[in-house]
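Colleague: Okay, here's the structure, questions in a sec.
The values are calculated or read from the model by the stated rules, or taken from the named source; none is laboratory data. As the structure is a computational prediction, the values presented were derived from the model and not from experiment. Every residue, glycine among them, receives a Cβ derived from its backbone with ideal geometry; neighbour counts consider all protein chains shown.
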């Protein structure tokens, strides 16, 4: 999950850079094309059946991934990198709730507290003037809604991958993401598409490679541990995003963002601890 968080943070950095001219849905298309080729080659090399056995659920995972990715890319290109990333970190408590409903994973009062704290953090970031009575930067409501939608559909994708991980090879699960996203992105980008020039080609390829690394790592992690706890470890992406935003775009978070981010990360950490299985007690003497 640490490898995945770093890879995805690099992906969002590159998306924000190339998104200054390339529309978000065109980036989604390019991001899907590279992993599609890499995943297919890896499956053939490993001798794994390409289409898997639970195809309807695999397609659904692809739909969730495409919708989440489209929302996240819109938010990243219309908001500062740190803010767009931190709002997406509503997904750990959302994942825990969905996993409890769908997978029967345990949920308790701590998980509910995690959700409440995370939502409070979102409100502080999205509406600091009305909540805190401070003069702070407010963000495009559509971009904020897109970031929240990215979190919701990320949670759906996490739970679907966790369900698939019981029977499907991780490379098959990864393969279905671009297999669905590529044809789905073509009609949505068609009217606004622009031809990449110069270094933009390299950035688009690197987005695909970084995403492939992140997808393989996160899929493997979800096969090894509970969906709620695994999702929580990805909070490190927020730290990486804050560093990239400051270094490459001179985006320094305002105090309301720092407070909101702290609340969301506290919510994620509560979710992680709530999802952790109890340690076995030593036998009494």
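Colleague: Could you list all residues from the stretch 87-103 that are part of a loop (DSSP other than H, G, I, E, B) and closer than 11 Å to residue 159 by Cα?
Modeller: Applying the first criterion (part of a loop (DSSP other than H, G, I, E, B)) to the stretch 87-103 yields 89-90, 103.
Correct list: 103 only.
Colleague: Within the stretch 105-131, count every residue that is farther than 17 Å from residue 147 by Cα, part of a helix (DSSP H, G or I) and at pLDDT 70 or above.
Modeller: 8
Colleague: Then there is this: Checking residue 252 against (1) modelled with pLDDT of 80 or more; (2) outside any helix (DSSP H, G or I), which test does it fail?
Modeller: (1)
Colleague: Out of the residues in the stretch 10-30 that are at pLDDT 85 or above and assigned to a loop (DSSP other than H, G, I, E, B), which is nearest to residue 65 (Cα to Cα)?
Modeller: 23
Rundown of residues vs (1) crowded, with 22+ Cβ neighbours inside 10 Å; (2) free of Cβ contacts under 8 Å to residues at least 40 places away in the same chain; (3) under 17 Å from residue 178 (Cα atoms), yes/no style:
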position	(1), (2), (3)
11	yes, no, yes
26	yes, no, yes
37	no, yes, yes
52	no, no, yes
62	yes, no, yes
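Colleague: Among the residues of the stretch 225-239, are any in a helix (DSSP H, G or I), at pLDDT below 80 and farther than 20 Å from residue 114 by Cβ? Explain how you work it out, then say what you get.
Modeller: Applying the first criterion (in a helix (DSSP H, G or I)) to the stretch 225-239 yields 227-239.
Now drop any that are not at pLDDT below 80, which leaves 227-239.
Subset that is farther than 20 Å from residue 114 by Cβ: none.
Checked the stretch 225-239: no residue is in a helix (DSSP H, G or I), at pLDDT below 80 and farther than 20 Å from residue 114 by Cβ.
Colleague: Condition test on residue 72, is it in contact (Cβ under 8 Å) with a residue 24 or more places away in the chain, over 16 Å from the mean Cα position of the chain (by Cα) and closer than 24 Å to residue 145 by Cα? Show your work before the answer.
Modeller: Working: in contact (Cβ under 8 Å) with a residue 24 or more places away in the chain: yes; over 16 Å from the mean Cα position of the chain (by Cα): no; closer than 24 Å to residue 145 by Cα: yes.
In short, no.
Colleague: Still on this structure: Filter the stretch 140-175 down to the residues that are modelled with pLDDT under 85, farther than 21 Å from residue 103 by Cβ and surrounded by fewer than 21 Cβ atoms within 10 Å (Cβ to Cβ) and list them by number.
Modeller: Result: 140, 141.
Colleague: So if I check each of 7, 33, 84, which one is surrounded by 24 or more Cβ atoms within 10 Å (Cβ to Cβ) and in a helix (DSSP H, G or I)? Give the steps one after another, and end with the answer.
Modeller: Working: 7 fails: surrounded by 24 or more Cβ atoms within 10 Å (Cβ to Cβ); 33 fails: surrounded by 24 or more Cβ atoms within 10 Å (Cβ to Cβ).
Only one candidate qualifies: 84.
Colleague: Against the definition (within 26 Å of residue 24 (Cα to Cα), out of contact with any strand residue (DSSP E or B) (no Cβ under 9 Å at 6 or more places or on another chain) and either modelled with pLDDT under 85 or buried (at least 18 other Cβ atoms within 10 Å of the Cβ) (or both)), how does residue 79 come out, yes or no?
Modeller: Numbers: within 26 Å of residue 24 (Cα to Cα): yes; out of contact with any strand residue (DSSP E or B) (no Cβ under 9 Å at 6 or more places or on another chain): yes; either modelled with pLDDT under 85 or buried (at least 18 other Cβ atoms within 10 Å of the Cβ) (or both): yes.
Taking the combined requirement at face value, the residue satisfies it.
Colleague: Name the pairs whose Cβ atoms lie under 6 Å apart, with the first residue in the stretch 165-193 and within 22 Å of residue 26 (Cβ to Cβ), the second not in a helix (DSSP H, G or I), and 6 or more positions between them or separate chains?
Modeller: 192/23
Colleague: Select from the stretch 36-47 the residues that are out of contact with any helix residue (DSSP H, G or I) (no Cβ under 8 Å at 6 or more places or on another chain) and assigned to a helix (DSSP H, G or I) and list them in ascending order. Break it down stepwise before answering.
Modeller: Initially, the stretch 36-47 is screened for residues out of contact with any helix residue (DSSP H, G or I) (no Cβ under 8 Å at 6 or more places or on another chain), giving 37, 41, 44-45, 47.
Correct list: 37, 41, 44, 45.
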